[in-house]
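Scroll down for the structure; my scribbles are underneath it.
The values are calculated or read from the model by the stated rules, or taken from the named source; none is laboratory data. Everything numeric here is computed off the predicted structure, so don't read it as measured data. Positions of Cβ are generated from backbone atoms using ideal geometry, with glycine treated the same way; all protein chains shown enter the neighbour counts.
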Amino acid sequence: MRINLIYKSETLMTAFLGHLNFMPFMYGIVLFLSAFMIIRNIANGRIGQALGVTGLLWLGFSIHGDQSETRMGVAIAALLLDMTWSRIFR
């Protein structure tokens with residue numbers, strides 16, 4: 001009888017954790033970082049870099065519509081562009 005109780009509690013825990021989705025949380029963090037880096041670029045006078053990253057975000061979001069998975073990829077691409085901008089455009 002005791003084995004059944006342990007098994008049932010493990011099944012409930014697995015069923016609960018199996019329904020959690022952390023992608024919206026990660027998407028929010030990536031978008032926050034993108035917005036923060038754009039604001040930082042504007043504050044530091046790097047207007048061209050801010051416009052480039054903003055343009056990439058706008059273009060990617062307008063192309064992909066409501067698909068959050070591909071929008072996540074666009075936001076990551078914008079972060080990577082922002083981090084490598086000075087190496088690309090010297």
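Couple of notes before you dig in:
- Residues in the range 66-89 that are under 19 Å from M26 (Cα atoms), out of contact with any Leu (no Cβ under 8 Å at 6 or more places or on another chain) and part of a helix (DSSP H, G or I): S68, E69, T70, R71, M72, G73, I76, L80, D82, M83.
- Residue within the range 3-12 that is modelled with pLDDT under 90 and among the basic types (K, R) present: yes
- Residue check for I63: in a helix (DSSP H, G or I) and within 26 Å of N21 (Cα to Cα): yes
- Pairs meeting the criteria (first residue in the range 42-55 and in contact (Cβ under 8 Å) with a residue 24 or more places away in the chain, second residue among the charged types (D, E, K, R), beta carbons under 6 Å, at least 6 apart or on different chains) are V53/D82.
- If only residues of the range 39-53 that are among the β-branched types (V, I, T) and more than 15 Å from the chain's Cα centre (by Cα) are counted, the one that is farthest from I88 (Cα to Cα) is I39.
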